[in-house]
Amino acid sequence: MRYFLLTILTLISITTNATPSWLDKLQDPNRQQQLDLRWKATGGEADLRFIYTIFSIYDTTVNPAPQFPNKHWSANHLVFSIDNSTELNLQVPYGIISQVTDGSLKIMANLSFTHQDKTVVIDSLTLEPTTLFNSSDLVNFIIKDNNGNELFTASSIHIELDLDKKLLKMSNIDLIATQKFAQLLNQPLLANQVVGQLHTYNHLSIPKKAITSSKNIAAVTCANNPVWPPLGEVDVTLLDIGQIAYLGNVGADKIVITPSASLKNIGTADVAWFQKFTGNSPPYNTDQHPYLNWSIYREVDNRFEQIGLSGIKHAFFTINSNCACPGGHVLGLGCEDVYGTGNNDSNNALGPRSELDAFSGIWDNCGSFFDPMPCTGSQQNTSNQPGQNRLVVRKNQLTDVNNNALFFQAWYVIRDDIDIFNSMGYRTIAPTPIGAGWNINAGNTFTNGAALDNYVVPNTTTAMQASKTLGTSEGHLTVAVKVIDLGNGNYRYNYAIENYDYDPRFSQFRLALPNLTPFNNPVFSDADDNALNDWTFSIINDELKITGSAANEQDWGMLFSFSFTVAAAPTTGNITLDVVNSALNTELIINTLVPNVVDFDTVFKSSFEN
């Protein structure tokens, strides 16, 4: 059966008379005039980029087929013209886009989707505005057909005015399949999946009376900015992880998972947001920008483990929503920004985490993954291999029946940020396989801070649990332990040590344990899924040593955990973390819970002598 949908892709925003909050106190005589004026965006082009692997996994074909089936999904473009007779109306007071008030854009698409005997034919594609899915967005859309069927939702939109070229750009828009779209194809597994990305480019008409500069109202805008550190403090908070998306398989046993993210500048300084390889810019005389990374954790058998972590996604543009600053390459005071899942899966933006000095927030483009030696000053490489610099996790770790909880955490590493813990946050997840694909099933609540905080209450010590977060001049880390009374005098010790941004790295953990102590069932866990480089256990000179190698030192963003059983109740004591590559320390000592073990060797010798 073929469903013929004469669909007009119409971008229409909810009309509202609300005044942008940054204009509330403005006394400029032109204020109302500038609010009433409407800039117009007409014609242009639309660029659709479908994630063909997702459709393939759910036995659905897209026509036209991908031009480059063996390349990353973003390499395949379906470009359609936009009817010049259609337009969007924009409220742009003082050159700062506030909202899309009304209007439409008709995209002359020619597409079809087929699953078994069901085909949806789209002769032209309609986006209607909706209540914001994400308050950091300037606009969100529901994509409908001409019968009112909702096919996709559209969010995490980078909206930008190019006044020099007179263009409106809306880019990196996540397309998420709806229940109705899945129903039309009789493929329910497609519902709620991120299936593509949309970009639109429109001609911009500016009213003659429009004031395109905010310099005359500098007191309430960013016209006198930026304010760079140290004149102000950098403080960016992660507002939400909105979407956590399954983006395909790596081999038969692993999958790729990627989030969307939104953030806000709550500090007193502006934040550099310059795209890599765009030259040297203030305040650091580099192409400084933030770096997003994400991880998955689980609590299993009373252990807390990291089972997947990404590379770093290099930020490149901020929309500066909900503030009086134009979008660009400086995150203004009080401004917000969004990045969609498709955006965060960008080949051009994903690189290795090992290149970043996380505590300082410094990355050097010369000699990097993107521009190896000898440097050219421009990007030469991309992350175009399956799973490369992405979060890849084993399926069986997600579905382990012994899992007590799973957490997905994202974190923006930002130079000079005064609080790394409000720049990170997490949601619970409950991943389930659906056919050959997955639903990640993110929980309803987003929480700022580290996912490890769920394991043991931060910075507390009780009889059977302890957690200590340490801030040093070289970075931050947490040591947490949960002790389980197994009965018959035996206790299971479960340690989780997370290196947030301590760049010198750790090579060994040590705690007091006499040589002849009965020691059972040791377990070590890290995220790299390589048993050959797991750290080893030994008891030497009355110390338990968990020892790594140069190939697997604990770097920033990594959580290592280890467990063992001994016949000794817990008491307060110290664990020592051996440090490498530090000019200041060879070890860090943290007070926590340790086994209160009798020195069996001493007892044996004393009994023999007696």
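Going by the conditions given, is Leu151 within 21 Å of Leu247 (Cα to Cα), touching a Gly at 6+ places or on another chain (Cβ under 8 Å) and crowded, with 21+ Cβ neighbours inside 10 Å? Quick ask: steps written out before the conclusion?
Values: within 21 Å of Leu247 (Cα to Cα): yes; touching a Gly at 6+ places or on another chain (Cβ under 8 Å): no; crowded, with 21+ Cβ neighbours inside 10 Å: yes.
Judged against the criteria, Leu151 is not a match.
Residues in region 98-110: is at least one open to solvent by 60 Å² or more (accessible area, probe 1.4 Å) and not in a helix (DSSP H, G or I)? Yes, region 98-110 contains a residue that is open to solvent by 60 Å² or more (accessible area, probe 1.4 Å) and not in a helix (DSSP H, G or I).
What number of residues within region 170-193 satisfy the criterion of being in contact with an Asp or Glu (Cβ under 6 Å, 6 or more places away or on another chain) and open to solvent by less than 40 Å² (accessible area, probe 1.4 Å)? Outline the logic, then answer.
Applying the first criterion (in contact with an Asp or Glu (Cβ under 6 Å, 6 or more places away or on another chain)) to region 170-193 yields 178, 180.
From what's left, open to solvent by less than 40 Å² (accessible area, probe 1.4 Å): 178.
Selection size over region 170-193: 1.
The number of residues in region 219-276 that are open to solvent by 10 Å² or more (accessible area, probe 1.4 Å) and touching a His at 6+ places or on another chain (Cβ under 6 Å) comes to 2. Thr318 fulfils the conditions (1) of a type in the set (S, T, N, Q); (2) closer than 24 Å to Thr258 by Cβ; (3) open to solvent by 10 Å² or more (accessible area, probe 1.4 Å) except for a single criterion, (3).
Does Thr15 meet the test of being modelled with pLDDT of 95 or more and within 28 Å of Ile176 (Cβ to Cβ)? When the stated conditions are applied, Thr15 does not pass them. What pairs can you find where one residue is in region 246-257 and over 18 Å from Phe408 (Cβ atoms), the other is at pLDDT 95 or above, and their Cβ atoms are less than 8 Å apart, with a gap of 6+ or different chains? Close Cβ pairs satisfying both conditions: Asn249/Ile255; Asn249/Val256; Asp253/Arg394; Asp253/Lys395; Asp253/Asn396. Of the numbered criteria (1) open to solvent by 30 Å² or more (accessible area, probe 1.4 Å); (2) modelled with pLDDT of 90 or more, the one Gln27 fails is (2). For beta carbons closer than 8 Å, sequence separation of 6+ or different chains, a first residue in region 295-308 that is outside any strand (DSSP E or B) and a second that is aliphatic (A, V, I, L, M), the qualifying pairs are Asn302/Ile484. Would you confirm whether or not region 278-293 contains a residue that is assigned to a strand (DSSP E or B), surrounded by 23 or more Cβ atoms within 10 Å (Cβ to Cβ) and of a type in the set (Ser, Thr, Tyr)? Within region 278-293 (the criterion being assigned to a strand (DSSP E or B), surrounded by 23 or more Cβ atoms within 10 Å (Cβ to Cβ) and of a type in the set (Ser, Thr, Tyr)), the answer is no, since none of the residues qualifies.
In the list Asp47, Asp137, which residue meets the criterion of being under 29 Å from the mean Cα position of the chain (by Cα), open to solvent by less than 10 Å² (accessible area, probe 1.4 Å) and charged (D, E, K, R)? Don't jump to the end; show me each part of the working.
Details: Asp47 fails: open to solvent by less than 10 Å² (accessible area, probe 1.4 Å).
Going through Asp47, Asp137 in turn, just one is under 29 Å from the mean Cα position of the chain (by Cα), open to solvent by less than 10 Å² (accessible area, probe 1.4 Å) and charged (D, E, K, R): Asp137.
Being of a type outside the set (Gly, Ala, Ser), open to solvent by 10 Å² or more (accessible area, probe 1.4 Å) and closer than 30 Å to Asn402 by Cβ, is that true of even one residue in region 323-345? Within region 323-345, not a single residue is of a type outside the set (Gly, Ala, Ser), open to solvent by 10 Å² or more (accessible area, probe 1.4 Å) and closer than 30 Å to Asn402 by Cβ.
Would a scan of region 408-415 turn up a residue that is at pLDDT 95 or above and over 16 Å from the mean Cα position of the chain (by Cα)? So that I can check it myself, show each step before the final result.
Of all residues in region 408-415, those at pLDDT 95 or above come to 408-415.
With the extra rule that they be over 16 Å from the mean Cα position of the chain (by Cα), the set shrinks to 415.
Yes, there is a match, as at least one residue in region 408-415 is at pLDDT 95 or above and over 16 Å from the mean Cα position of the chain (by Cα).
Restricting to region 568-610, and then to whatever is of a type in the set (D, E, K, R) and modelled with pLDDT of 95 or more, can you tell me which residue is nearest to Asn520 (Cα to Cα)? Checking each candidate, the answer is Asp578.
Of the set (1) part of a loop (DSSP other than H, G, I, E, B); (2) under 19 Å from Ser310 (Cα atoms); (3) out of contact with any Cys (no Cβ under 9 Å at 6 or more places or on another chain), all apply to Gln380 but (2).
Against the list (1) in a strand (DSSP E or B); (2) open to solvent by 30 Å² or more (accessible area, probe 1.4 Å), the condition Phe68 fails is (1). For region 369-409, a residue qualifies if it is among the acidic types (Asp, Glu) and crowded, with 17+ Cβ neighbours inside 10 Å, and exactly one does: Asp371. Whenever a residue of region 263-283 is of a type in the set (Asp, Glu), its partners that are modelled with pLDDT of 95 or more and assigned to a strand (DSSP E or B), lying with C-beta atoms within less than 8 angstrom and at least six residues away or across chains, give the pairs Asp270/Val330; Asp270/Leu331. Restricting the search to region 504-540, which residues are under 22 Å from Arg298 (Cβ atoms), among the charged types (D, E, K, R) and open to solvent by less than 50 Å² (accessible area, probe 1.4 Å)? Asp526 - this is the single residue of region 504-540 that is under 22 Å from Arg298 (Cβ atoms), among the charged types (D, E, K, R) and open to solvent by less than 50 Å² (accessible area, probe 1.4 Å). Of everything in region 532-541 that is more than 17 Å from Met558 (Cβ to Cβ), modelled with pLDDT of 95 or more and of a type outside the set (A, V, I, L, M, F, W, C), the residue that is farthest from the chain's Cα centre (by Cα) is Ser538. Pairs linking a residue in region 466-486 that is within 17 Å of Ala358 (Cα to Cα) and open to solvent by less than 10 Å² (accessible area, probe 1.4 Å) to a residue that is acidic (Asp, Glu) and assigned to a strand (DSSP E or B), with Cβ atoms under 9 Å and 6 or more positions apart or on different chains, are Leu477/Glu498; Thr478/Glu498.
In a helix (DSSP H, G or I), modelled with pLDDT under 95 and under 33 Å from the mean Cα position of the chain (by Cα), is that true of Thr53? Against the criterion (in a helix (DSSP H, G or I), modelled with pLDDT under 95 and under 33 Å from the mean Cα position of the chain (by Cα)), Thr53 qualifies.
The values are calculated or read from the model by the stated rules, or taken from the named source; none is laboratory data. All values derive from a computational prediction rather than experimental measurement. Cβ sites come from the backbone with ideal geometry, for glycine too, and all protein chains shown count toward neighbours. The accessibility values were calculated without ligands, DNA or RNA, using every heavy atom of the protein model including side chains. Shrake-Rupley method; radii C 1.70, N 1.55, O 1.52, S 1.80 Å.
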